[in-house]
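Data first, discussion second: the structure below is written as structure tokens.
What follows draws every value from the coordinates through simple rules; no lab data is involved. From a predicted model like this one, the values you see are computed outputs, not experimental measurements. Ideal geometry is used to build each Cβ from the backbone, glycine not excepted, and the neighbour counts take in all protein chains shown.
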Amino acid sequence: MNTRQYQNKAWLTDQYWGKKFSQKKISETCNVSRAAIGRQMKKLGIPTRTISEAMTGRVLSEEHKKNLSGKNNHMYGKKHTEKTKQLLSRALSGENNPNYGMPRTEKTKLKISNATRGEKNHNYGKHLSEETRKKLSEIRSGENHYFYGKHHSEETKLKISKSRTGYSPSQATRQKLSESRKGENNAFYGKRHTEKTKQLMRGENNYMYGRHHTEEEKRAISEAVRGANHPNWQGGKSFEPYGPEFNKALKASIRLRDKRQCRICYKYENGKIHSIHHIDYCKTNNDPNNLITLCKYCHAKTNLNRPYWQEYFTDKHISVINRKIYAQQAGVQCSV
């Protein structure tokens, strides 16, 4: 083989760009140094591949990976100086960054997510020691934090808001987050805000100062922390001795059914809402047919001579009420 072929532009372009050979492999074929291939490419005006282009489709062998890790790595046991860190930061920031202006596609994001999820994550099953956590905390606190003294622009805030709109973590994720932040696991466990911090959170410094939740937001917040979704939910214990279904909505429906009228004295509500009475005195039986509207005075009367009132509502009054209600629903006149 002619070892001088690398001086031919067409041949060298085909080897490097067509067959995707590295400069090192071409140099070995031509029995010259890699630097000689590099100089010749520059002389002939053949552009070189970027790191991204060079690594596309390339899979490192296990031996190669081993040579790059641990004590075999040229940076093992060494640290960049502050000056070097600044130089690297400047060299890769803004338009100098190879990914500048190139947002990742959804497909790429999904690949990265799948590649670093669960057991594939390099930190899977590992836990930081207390000493390491303390070091990280000190490195990132106060003036050492990369965002210290900075603020998001209104445009950035809007982007963050849009990206989070509609996102809702799964119940399993919520449970994990809840467990990870309880008791001593909570970052604020045993701590208290200083007076200075409290002052910074008050008045005009508070992010909600002068702002109000819309009615829609209030309803959404209420629904999000109601019942079993509330962090202090204890299985409906607060409803005892009544069941969880004996709530404001059920009571309101019974009052509406009974036309907001006491079913003993027939007195209408006048500024004060009527009580809802359990006919069989069983407070866990919240079937609408077992509930009836009574004024405060009549409700107090039913606590005495319970067998009489139970029979009264069951055999007489309830049948009358039901006939009236069914007649009204059917659109006919009822004389009872």
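Tabulated data for the structure shown
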{"read-out": "Entries in K78/K111; K65/K109; K109/K162; K176/K198; K135/K191; K109/K159 that, when Cα-Cα distance is taken, lie over 20 Å", "value": "K78/K111; K65/K109; K176/K198"}
{"read-out": "Reachable aspartates and glutamates from K301, criterion Cα separation under 20 angstrom, eight or more residues apart if same chain", "value": "D258, E269, D280, E311, D315"}
{"read-out": "Under the span-like rule (Cα at least 30 Å along the axis, Kyte-Doolittle mean at least -0.5), DSSP H helices of the chain", "value": "none"}
{"read-out": "Dmax and Rg, reported as Rg then Dmax, of the range 136-289 (C-alpha, Å)", "value": "24.1, 74"}
{"read-out": "Expected 222 nm ellipticity per residue - DSSP helices of 4 or more, -39500 (n - 2.57), all of the chain, to 500", "value": "-11500 deg cm²/dmol"}
{"read-out": "Hits among aspartates and glutamates - C-alpha to C-alpha of K283 under 16 Å, sequence gap 8 or more where chains match", "value": "E240, E245"}
{"read-out": "Per-bin percent of Cα-Cα distances, the chain [10 Å]", "value": "4, 11, 16, 16, 13, 11, 10, 7, 6, 4, 3, 0"}
{"read-out": "For the range 20-73, Kirkwood radius (reciprocal of mean inverse C-alpha pair distance, Å)", "value": "13.0 Å"}
{"read-out": "Simple label model, 7 Å out from Cα along Cβ direction - Y266 to T81, nm", "value": "10.0 nm"}
{"read-out": "Top positive-direction residue, dipole computed over the chain with Cβ charges, set S275, L60, I139", "value": "L60"}
{"read-out": "Top positive-direction residue, dipole computed over the chain with Cβ charges, set I26, G70, N123", "value": "I26"}
{"read-out": "Of S253, S27, S153, the one that fluctuates the most in a GNM where the chain has Cα springs shorter than 10 Å", "value": "S27"}
{"read-out": "Gyration tensor verdict on the range 89-179 (Cα atoms; rounded if a/c is under 1.5, prolate if a/b is larger than b/c, oblate otherwise)", "value": "rounded"}
{"read-out": "Contour minus Cα-Cα distance for E155 and K9 (0.36 nm per residue)", "value": "47.6 nm"}
